[in-house]
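Enquirer: Attaching a single structure in structure tokens format; questions to follow.
The values are calculated or read from the model by the stated rules, or taken from the named source; none is laboratory data. Everything numeric in this text was worked out from a predicted model, so none of it was measured. Please note: Cβ atoms are built from the backbone with ideal geometry, for glycine as well, and neighbour counts cover all protein chains shown. Ligands, DNA and RNA are excluded from the accessible area calculation, which covers all protein heavy atoms including side chains. Shrake-Rupley method; radii C 1.70, N 1.55, O 1.52, S 1.80 Å.
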Amino acid sequence: MLSFIAKINSQAQSCSCGHHHAQITLDGTIASGAIRLVPGYIGAKGLNTVCVVADRNTDQAAGEELRHLLQKANFQVQQCLLPENKHGDVVADECAVVQLLLSVTNETELLLAVGSGTIHDIVRFVCAKTGKPFLSIPTAASVDGFTSAGAPLMINQVKQTVKAISPLAIFADLDILEQSPRDMTAAGFGDMLGKWTSLADWRFSKAMANEPFCPLAFRLTEESLLMCIQHVDEIASGSKEGLRILMEALIKSGLSMLLVGHSRPASGGEHHLSHMWEMEHLRAGRPQRLHGAKVGVAAVIISSLYRTLAHIERREPFSDYLKLPEPTQLARWLKTVGGPSTPEELGIERKNMVQTLKAAPDLRPRMTGLRYIRDHHPRLLAEVVQDMTTQPQIEVNHGCVAVKKEKEQGGL
Ligand SMILES: [Zn+2]
Ligand SMILES: [Zn+2]
């Protein structure tokens, strides 16, 4: 079992927040060569027939080796290679779910999700429906959803989170993560950076709407976020230690959601905005950008909105939003790890931004600063979006941070 799970479980027992905190039973490890422990783990569970689920890229990164290791250890190995759409994306939608259902047989005893967040979401949903367990084999430190029990699925082109199951164990192999593309690590960092605004929204939702809150899950997510900030250069370097820190933070963020049974610790206004962009991209038939890349950019915009809201309202609980980092600082961190920091870099036009911001709170029945702004200060949305287009642009070159005026650069 991961070393930090026992500590979380013992703290959860004495938590007086009123939530039911189920014992977390996640096994596994974050280490070099972790993938080689998988056959022994499955054997100890007394299982024999397993289905390795991957896409073309993640099969190359880890699926192939995993199948080889399992076959060598005499397991019955089935395979499901999830197809990509015309843009090369695997989407967690009806089509992918059916594809996997067709590959799973009565004999299948265990599924192995080999890949990033999308493959995990498809597997966890199918496992929940078929009553089969699964293992998580991340091929990139790109998202905090590996251990989650909810599957964000695209149903009829609308993103909704469906109840599913979490994995029995996670085997995060640092040798594999080290080989992953830099933009995937940057996306994992972006997903963590979004915790600034999600945590601020969580406290806000408790104060304004008495929504459920747990100090333990809050602290767990906050500590994970701060670990990433403290080690941003290490993460940016793509070293094994940087990836270990990021992966541990992503897992802990996922566990904080498991602890409380909802996603408030890890998902606020920034996630709602990023989900809107994802749906817009799909409807327009454009290629997808990584979840965490969108979350990071959304966090920059949302923090700008929230800090402005705090200056207008000048009272509790709004002043809490002033603890958020400046948007320029968030952008700087994103650039340090090699991730996008502006909507333009994601192929998102600002002309639709206000409409998107207005619609985003309707994705979840939840109080957020964004909902409050939409309902009480709607004009602020246009003002802040306009303001951001004339903000100085941050550039990071070889670790040196320089601020360049947008005009000097001939526009964004
Ligand atoms: Zn996320
Ligand atoms: Zn609690």
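Enquirer: Being under 28 Å from Ile8 (Cβ atoms) and touching a residue at least 40 places away in the same chain (Cβ under 8 Å) is the filter; apply it to segment 37-49 and report the residue that is surrounded by the fewest Cβ atoms within 10 Å (Cβ to Cβ).
Expert: Out of the qualifying residues, it is Lys45.
Enquirer: Ser253 - would you say it is within 14 Å of ligand 1 (Cβ to nearest atom), farther than 21 Å from Thr356 by Cα and open to solvent by less than 10 Å² (accessible area, probe 1.4 Å)?
Expert: Yes; evaluated as a whole, the condition is true for this residue.
Enquirer: Quick one: which helices (runs of 4 or more DSSP H) sit completely within segment 139-256 and have at least 2 residues that are within 16 Å of ligand 2 (Cβ to nearest atom)? Step through it out loud before you land on a result.
Expert: On the way: elements: 174-178, 182-193, 195-209, 215-230, 232-237.
Answer list for segment 139-256: 195-209, 215-230.
Enquirer: Let me ask you something else. Listed residues Ser3, Ser10, Ser32, Ser16; which is among the hydroxyl-bearing types (Ser, Thr, Tyr), within 19 Å of Ile137 (Cβ to Cβ) and away from ligand 1 (no atom under 16 Å from the Cβ)?
Expert: Result: Ser32 is the single residue among Ser3, Ser10, Ser32, Ser16 that is among the hydroxyl-bearing types (Ser, Thr, Tyr), within 19 Å of Ile137 (Cβ to Cβ) and away from ligand 1 (no atom under 16 Å from the Cβ).
Enquirer: OK, next. For Lys294, are the conditions met, namely being touching a residue at least 24 places away in the same chain (Cβ under 8 Å), within 12 Å of ligand 1 (Cβ to nearest atom) and under 18 Å from Pro325 (Cβ atoms)?
Expert: no
Enquirer: Among Pro361, Pro327, Pro317, Pro340, which is away from ligand 1 (no atom under 16 Å from the Cβ), within 27 Å of Asp89 (Cα to Cα) and in contact (Cβ under 8 Å) with a residue 24 or more places away in the chain? If you could, list the steps in order and put the result at the bottom.
Expert: Numbers: Pro327 fails: within 27 Å of Asp89 (Cα to Cα); Pro317 fails: within 27 Å of Asp89 (Cα to Cα); Pro340 fails: away from ligand 1 (no atom under 16 Å from the Cβ).
Of the residues listed, the single one that is away from ligand 1 (no atom under 16 Å from the Cβ), within 27 Å of Asp89 (Cα to Cα) and in contact (Cβ under 8 Å) with a residue 24 or more places away in the chain is Pro361.
Enquirer: Inside segment 215-247, can you point out the residues that are open to solvent by 30 Å² or more (accessible area, probe 1.4 Å) and within 16 Å of ligand 1 (Cβ to nearest atom)?
Expert: Across segment 215-247, the qualifying residue is only Glu222.
Enquirer: Ok, one more. With respect to the numbered conditions (1) within 16 Å of the chain's Cα centre (by Cα); (2) touching a residue at least 60 places away in the same chain (Cβ under 8 Å); (3) within 16 Å of ligand 2 (Cβ to nearest atom), which one is the sole condition not fulfilled by Leu259?
Expert: With (1) within 16 Å of the chain's Cα centre (by Cα); (2) touching a residue at least 60 places away in the same chain (Cβ under 8 Å); (3) within 16 Å of ligand 2 (Cβ to nearest atom) applied to Leu259, the lone miss is (1).
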